[in-house]
Amino acid sequence: MFKYVFIIIVPLLIFSIFNVQASLPKTPEGWSIFTPSEESLIVYVSNNGNDDTAKAYTPKELGTSPLTPPQHITLRPFKTFKAAFKKTRKNKPDWILIKRGDSFFESINVKNGKSLTEPFLVAAYGEKIKNPIFNTGANNALQICCHSSENIAIQGLDFYAHTRDPKSHSYLSPDGDVGINIYVSENNIIKNILFEGNRFKFYKGNVIQGLGEFKNVIFRRNSFLDNYATDSHSAGLYTANVSLTLEENIFDHNGWLQRASKNIDSTKGAATIYNHNTYFANAKYVKFIRNIFIRSSSIHNKWTANEGIHSSSNVIIKNNLYIDGEIGISAGGNKTGAFRFKNYQITDNVMLNIGRSQPTNRTLGWGLEINDWDGGIVKNNYFLNQVSPQVNNTYGINISGTTKNITIENNTFNNLHNANAIILSAKGVKQNNLITNNKLSFNKNGGALIKVEKDLTGYTFKNNQYYHEAGKHKIFAETTTKPAFLDRIMDIFTPISHNDTNLTTWLNLTNESDKQWLNDSKIEQRTIESYQLSLNKKASIDAFIKEIRNISIMTWDKRYSTEHINKYIKQGY
C-alpha cells in the first residue's frame, strides 16, 4: 500500500551542486543527445523480436546513429525487456533501445552507467511517432532501492498502469503501486540521473526519498498524468529529503480520479485536500523551471518543512504555468514554527483560474501561501482570472506565520473574483518584509487589494500601483479575526467583520506615492482560451489540455512550451 513516508532524520551530507548542474548536449529542439562510446553494447527490443536469436551490437556495426539503425542491417531485437536487460553490464555505457509504437507488458530495470556522458541508457528507436508503452498493471514502472545509483538516462518511454484506468478495456481494479519508486539509504548517492520525455499514467503516484545524497538528478519534459489512489494519499510526484531539478514537465490531473461529492469519497478516487500534483517534504536545493501544472486534486506544489528551522531551503520556482486546481503554491502547511523555510525564490510564474473546477467541492482559489519563511523573494509573478462566482475563498498571496526578510516585488494581480490580492495574516511575528512595485487591479467583483488582519508592523510598502473598479475606498480591509480556538477547528479562515479603507488613508499609512492609481484600460486580460485562438486552435482550456497531453519527443511543439505560453499571457499586462 502506498503511503507517504516522512523521514525524520535530516541528512548530514551537503548538496554541493545547485546553481550549476552538469548536463548533456542538446538538439535544437532541446532534447538530450546521447552518443555511444567504443565500449558500449547496444540491444534492441521489439514486439517482433526473439529472445533466443537476438543480438547485442557494437557502435562499429551500427554507425553513428543507433537510434535510427542503418537500413542495410537486419536487426535481431529481443522480444522482452527482461531478456535484453540480462545482456547488459554494470558500470558500462550500455544501451537498451525500445521500438516506438510497440507495447509491452512488463516493467523496466536499470544498471549503473560509466559516466555522465556515457550513461546506461534506456530509450526509443524507430520512425513511428508514438512512444513505446510499458503496460505495468499493478506493478511499479521502475524501482531502485537503497544502494547508490549513478549515470542513468531514461528517454522517450510511456509507462501505463493499464489495469487501474477505468476507461481501459484492461481495467481490473484500483489496486496497484507507484510508478517510479526510488529510495536511497544513508551514505549512498543518486547521481547523474536523467528522466526525459517519458509519461507516467494512472499510478498511485511516483516517489523519491531517502537519507543519502542526491546530485544532478533531473526530470525534463516528462508527463505525470491521472495518478490517483483509493486507499492512501497520492501525488504526481512525492519526494522527501531530495535535491533535484524539474524542468519543462507536465503535471495534469494528479491525486484524483473524479470530483468529490456527497456520494463520491476518497475510497472511490475522489479528490481530497491531501492529494496534489507535487509534494516535496524537507526539500533542499530544488529547482522547478518552466513546468506546467494543471488540475491538481488540491495543491499544485505543496512544500513542507516539518523538522524545524530551515528544514526546507534553497528552492527556485521559476517561470512555471499553473491552471485550475485549488491552490497554486503552498510553502508551508502541516507543522508550524518560525523560519522553517529559508531562501525560497518564486519568480516569473503565471497562475490562471485557480479554483476553476473545484475538485474537492470546496470553494478555494488560493495563489501562494507564505508561512514561516526566513528570507525569500516573490517577483514578477502573475495571479490572474479566477472568474467563478462560486469560488469565494480566494487570494493571490497570503503572508502568515513568523516570517522575515521577504520581498514581494513587481507581481501582477488581476481579475480575481471574490479575492483579496495580498493578505497580511495576523498569525506570527513579521520582520523586515518589503512589498514593492506590484500592480493590483480588480474589477467590481474583487475583494480588498490589501487585507490587513492585524497591523502593518514588519512591513514596508513602496511604489505599488492600485486599481479597483468599485472605487478607491477598496484599497484594504482591517479585519477582526475570530478567536484562536475557532481558527484551530475550522479548515477555512473567514473574517467576522472588516472595514474598507480609502486610498488616501492607505497611502498615508504606508508613505507611498499619492500617484499610485492604475489605468486599468490597458489590461487585455489574456487567457488560455485567447492563446488557443492565437494559434488558430479551439478556444477552450480542455482543448489546450488535450494538446499538452499529446506532447512527446516526436511531436514536440514549442508553441506549447511554458516559455511561449507565459510570454503571451504576460504581454497583456
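Filter segment 536-567 down to the residues that are crowded, with 17+ Cβ neighbours inside 10 Å and of a type in the set (Phe, Trp, Tyr), then identify the one that is farthest from the chain's Cα centre (by Cα).
In this case the residue turns out to be Phe544.
Does Ile289 qualify as being crowded, with 21+ Cβ neighbours inside 10 Å, among the β-branched types (Val, Ile, Thr) and touching a residue at least 40 places away in the same chain (Cβ under 8 Å)?
No, not satisfied.
Return the residue satisfying two criteria in turn: it lies in segment 74-86 and is of a type outside the set (A, V, I, L, M, F, W, C) and touching an Asp or Glu at 6+ places or on another chain (Cβ under 8 Å), and of such residues it is surrounded by the most Cβ atoms within 10 Å (Cβ to Cβ). Explain how you work it out, then say what you get.
Kept after step one, since they are of a type outside the set (A, V, I, L, M, F, W, C), are these residues of segment 74-86: 74, 76-77, 79-80, 82, 86.
Still in the list and also touching an Asp or Glu at 6+ places or on another chain (Cβ under 8 Å): 79-80, 82.
Working: Lys79: 19, Thr80: 17, Lys82: 15.
The qualifying residue surrounded by the most Cβ atoms within 10 Å (Cβ to Cβ) is Lys79.
Scan segment 28-56 for residues that are in contact (Cβ under 8 Å) with a residue 40 or more places away in the chain and among the hydrophobic types (A, V, I, L, M, F, W, C) and jot them down.
Result: Trp31, Phe34, Leu41, Ile42, Val43, Val45.
Mind listing whichever residues of segment 36-66 are of a type in the set (S, T, N, Q) and surrounded by 20 or more Cβ atoms within 10 Å (Cβ to Cβ)?
Ser40, Ser46
Looking at Ile190, is it crowded, with 22+ Cβ neighbours inside 10 Å and out of contact with any Lys or Arg (no Cβ under 8 Å at 6 or more places or on another chain)?
no
Inside segment 383-393, can you point out the residues that are under 19 Å from Lys302 (Cα atoms) and buried (at least 23 other Cβ atoms within 10 Å of the Cβ)?
Result: Phe383, single match.
Can you name the strands (runs of 3 or more DSSP E) wholly within segment 442-524 that have at least 1 residues being at pLDDT below 90 and among the small types (Gly, Ala, Ser)? Give the derivation first.
Details: elements: 450-452, 459-462, 465-468, 476-480, 497-501.
In segment 442-524, the matching strands (runs of 3 or more DSSP E) lie at 476-480, 497-501.
Can you go through Leu507, Leu518, Leu533 and tell me which one is surrounded by fewer than 16 Cβ atoms within 10 Å (Cβ to Cβ) and either among the β-branched types (Val, Ile, Thr) or on the phi < 0 side of the Ramachandran plot (or both)? Before you say what the answer is, go through the steps one by one.
On the way: Leu507 fails: surrounded by fewer than 16 Cβ atoms within 10 Å (Cβ to Cβ); Leu518 fails: surrounded by fewer than 16 Cβ atoms within 10 Å (Cβ to Cβ).
Answer to the check: Leu533.
Can you confirm whether Asn282 is more than 13 Å from Asn254 (Cα to Cα) and touching a Ser or Thr at 6+ places or on another chain (Cβ under 6 Å)?
Working: more than 13 Å from Asn254 (Cα to Cα): yes; touching a Ser or Thr at 6+ places or on another chain (Cβ under 6 Å): yes.
Answer is yes for this residue.
Any residue at all in segment 172-179 that is buried (at least 18 other Cβ atoms within 10 Å of the Cβ) and under 24 Å from Phe120 (Cα atoms)?
Yes: one or more hits.
Going by what's in this entry, would Gln532 be described as closer than 28 Å to Leu440 by Cα and part of a helix (DSSP H, G or I)?
So Gln532 passes the test.
Can you find even one residue in segment 433-441 that is modelled with pLDDT under 95, among the small types (Gly, Ala, Ser) and touching an Asp or Glu at 6+ places or on another chain (Cβ under 6 Å)?
For segment 433-441, residues modelled with pLDDT under 95, among the small types (Gly, Ala, Ser) and touching an Asp or Glu at 6+ places or on another chain (Cβ under 6 Å): present.
From the list Lys92, Lys111, pick out the single residue that is crowded, with 16+ Cβ neighbours inside 10 Å, in a loop (DSSP other than H, G, I, E, B), under 28 Å from the mean Cα position of the chain (by Cα) and charged (D, E, K, R).
Only one candidate qualifies: Lys111.
How many residues, within segment 542-557, are among the aliphatic types (A, V, I, L, M) and part of a helix (DSSP H, G or I)?
Counting residues in segment 542-557 that are among the aliphatic types (A, V, I, L, M) and part of a helix (DSSP H, G or I) gives 3.
Could you grab me the full set of residues in segment 326-343 that are buried (at least 24 other Cβ atoms within 10 Å of the Cβ), over 19 Å from Ala421 (Cβ atoms) and at pLDDT 95 or above?
Scanning segment 326-343 gives Arg340, Phe341.
Kindly list, by first and then second residue, each pair from a residue in segment 258-285 that is touching a residue at least 60 places away in the same chain (Cβ under 8 Å) and within 22 Å of Arg340 (Cα to Cα) to a residue that is of a type in the set (D, E, K, R) and part of a strand (DSSP E or B), limited to pairs with Cβ atoms under 8 Å and residues at least 6 apart or on different chains.
Note: pairs meeting the criteria are Tyr279/Lys302.
What do you reckon, is Thr136 hydroxyl-bearing (Ser, Thr, Tyr) and touching a helix residue (DSSP H, G or I) at 6+ places or on another chain (Cβ under 8 Å)?
Answer is yes for this residue.
Please find, among Pro93, Pro59, Pro70, the residue that is touching a Gly at 6+ places or on another chain (Cβ under 9 Å), without any contact (Cβ under 8 Å) to a residue 40 or more places away in the chain and not aromatic (Phe, Trp, Tyr).
Exactly one of Pro93, Pro59, Pro70 is touching a Gly at 6+ places or on another chain (Cβ under 9 Å), without any contact (Cβ under 8 Å) to a residue 40 or more places away in the chain and not aromatic (Phe, Trp, Tyr), namely Pro70.
Out of (1) surrounded by fewer than 19 Cβ atoms within 10 Å (Cβ to Cβ); (2) at pLDDT below 95; (3) in a loop (DSSP other than H, G, I, E, B), what's the single condition that is false for Pro69?
(1)
Looking at segment 358-365, is at least one residue among the charged types (D, E, K, R) and within 22 Å of Gln258 (Cα to Cα)?
The answer is yes; a qualifying residue exists.
Only one of Phe195, Phe202 is among the aromatic types (Phe, Trp, Tyr) and surrounded by 24 or more Cβ atoms within 10 Å (Cβ to Cβ). Can you tell me which?
Just a single option satisfies the conditions, and that option is Phe202.
The values are calculated or read from the model by the stated rules, or taken from the named source; none is laboratory data. Keep in mind the model is a prediction, meaning the values are calculated, not measured. Because the Cβ atoms are built from the backbone with ideal geometry, glycine has one as well, and the counts that use them run over all protein chains shown.
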